């Protein structure tokens, strides 16, 4: 069974002293039959008291405040986790019977939330691309895997081209983004063909074998497949999310699973840096596992990289 040591640092640096910082953290790995948390150490600037509760989706949520004036806030999480393989996916049941079961789940809790569509102006264009009738000619699993591959093949993985505030329409037009964007687009696809799908945040721990999403928090989706339950699908790497994936939280979208979010009183300017490092699978820290902080994309729309500038220029020319 894979065993991982994960170090996750979030650092906010403010233009001037701020106070009354109130924050929510979703940094507690899921504990279930497939994931065992051996230990966790959380260190936060100011050593605040962390209140932990369980949200509607079963995630462990922490909240804390830092009232004193401060020019930076560091949230440092170190966890040791063992993951366990899930049962082999069985896709031998008749496709029609599986779609009938999904139809019966449409109005049942908790599946209702995972079938709701987000506001999306380009939904008509998406329906033309995914062809629901053709998707339903396959089993739900085969349809989900085909749509996962579509996202992988048609969207470029480019860091910094989007931010946490980028809309689905922006991602669709850019045809580019990062794991969070890939996951959101696949959620739209699956929900359009009535497969319940939920967003998953966590880490990918592939021993540095070139998979997209290493060295950062990762995002993928889980689709509800009849007679199998929730199946993890990673459109960023076009694979099933198995025991090399450590889950932090599930929800309707990124907003339910954001690792850190909060508010404060004081200067509006801030810089966010995040760093994640993962040990080798045997639990021993690798020699080069130093956690390096990296600035995160601007959320105010002022910073746009060259690829996004190029795409927007081409779109403007097409409209003239």
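Below are the figures for this structure:
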quantity: Packing-based ranking, highest mean first, of 173-180, 133-140 given that Cβ atoms within 10 Å are counted; calculated: 173-180, 133-140
quantity: Ordering of 273-279, 100-106 by burial proxy (mean other Cβ atoms within 10 Å per residue, highest first); calculated: 273-279, 100-106
quantity: Kirkwood hydrodynamic radius over Cα pairs of the chain, then Stokes diffusion coefficient at 37 °C and 0.692 mPa s, in µm²/s; calculated: 157
quantity: Cα-based Kirkwood hydrodynamic radius, segment 95-256, one decimal, Å; calculated: 15.8
quantity: Highest-MSF residue in the chain out of 59, 237, 23 [GNM, Cα springs under 10 Å]; calculated: 23
quantity: Percent of beta bridges antiparallel (DSSP, segment 95-256, rounded to nearest 5); calculated: 90
quantity: Label point distance in nm, residue 108-residue 31, each placed 7 Å from Cα along Cα→Cβ; calculated: 2.9
quantity: Value of relative contact order over the chain, rounded to a whole percent, pairs C-alpha under 8 Å and six or more apart; calculated: 27
quantity: Estimated 222 nm signal from helices in the chain, with DSSP H stretches of n ≥ 4 weighted -39500 (n - 2.57), rounded to 500; calculated: -7000 deg cm²/dmol
quantity: For segment 84-166, convex hull of alpha carbons as volume per residue, Å³; calculated: 183
quantity: Spin-label pair residue 154/residue 238, simplified geometry with 7 Å Cα→Cβ offset, distance in nm; calculated: 1.4
quantity: Whole-number percent relative contact order across segment 113-235, with pairs defined as alpha carbons under 8 Å at least 6 apart; calculated: 27
quantity: Counting DSSP beta bridges with both ends in the chain, the antiparallel % (nearest 5); calculated: 95
quantity: By average C-beta atoms within 10 angstrom, highest first, the peptides 188-199, 78-89; calculated: 188-199, 78-89
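Every read-out reported here was derived from the displayed coordinates using simple, explicitly stated rules and does not represent laboratory data. Note that the coordinates shown come from a computational prediction; the quantities given were computed from them, not determined experimentally. Ideal geometry is used to build each Cβ from the backbone, glycine not excepted, and the neighbour counts take in all protein chains shown.
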